[in-house]
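For reference, the structure is listed below as structure tokens.
The values are calculated or read from the model by the stated rules, or taken from the named source; none is laboratory data. Remember, it's a predicted structure, so these values are computed and weren't measured experimentally. In this analysis, Cβ positions are derived from the backbone assuming ideal geometry, glycine residues included, and neighbour counts consider all displayed protein chains. With ligands, DNA and RNA removed, areas are computed over all heavy atoms of the protein, side chains included. Shrake-Rupley method; radii C 1.70, N 1.55, O 1.52, S 1.80 Å.
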Amino acid sequence: MKIEICERCGGGEFVAVDGYRICQYCNTKYLITPEDVIQKESSIALDKDIKMLLQKCQDDPANARRYASLVLDMDPGNIDALKYF
């Protein structure tokens, strides 16, 4: 249950202390549950990194194998990186 308004006084400002949300107006304590915690969504995009490393393979042939190896660590099925082995 996500508590946004205090059931006792109607206040909306809480402070988190020792696993509880405490109303700043009347000091009513509410236990923090997993539903109260805001879940953050994240994603990692490697497309730009892979493209940059493949470009380095073309620009620096002496180290192309190293760059291609890094690409294959991120994307094991990358056909373009296999050309440099």
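Can you tell me how many residues in the range 4-32 are open to solvent by 100 Å² or more (accessible area, probe 1.4 Å) and among the aliphatic types (A, V, I, L, M)?
2
Please go through the range 19-45 and give me each residue that is at pLDDT 75 or above, more than 13 Å from the chain's Cα centre (by Cα) and either in a loop (DSSP other than H, G, I, E, B) or on the phi > 0 side of the Ramachandran plot (or both), ordered by number.
Answer for the range 19-45, where residues must be at pLDDT 75 or above, more than 13 Å from the chain's Cα centre (by Cα) and either in a loop (DSSP other than H, G, I, E, B) or on the phi > 0 side of the Ramachandran plot (or both): Gly19, Gln24, Tyr25, Cys26, Asn27, Thr28, Ile32, Thr33.
Search the range 33-85 for residues being of a type in the set (Asp, Glu) and within 30 Å of Val15 (Cβ to Cβ), and hand back the single one that is surrounded by the fewest Cβ atoms within 10 Å (Cβ to Cβ).
So in the range 33-85, the residues of a type in the set (Asp, Glu) come out as 35-36, 41, 47, 49, 59-60, 73, 75, 80.
So of that shortlist, the ones also within 30 Å of Val15 (Cβ to Cβ) come out as 35-36, 41.
Details: Glu35: 10, Asp36: 15, Glu41: 4.
This residue is Glu41.
Within the range 4-49, which residues are of a type in the set (Ser, Thr, Tyr) and farther than 30 Å from Pro76 by Cα? Lay out the reasoning, then the answer.
Step one: of the range 4-49, the residues of a type in the set (Ser, Thr, Tyr) are 20, 25, 28, 30, 33, 42-43.
Hits for the range 4-49 are Tyr20, Tyr25, Thr28, Tyr30, Thr33.
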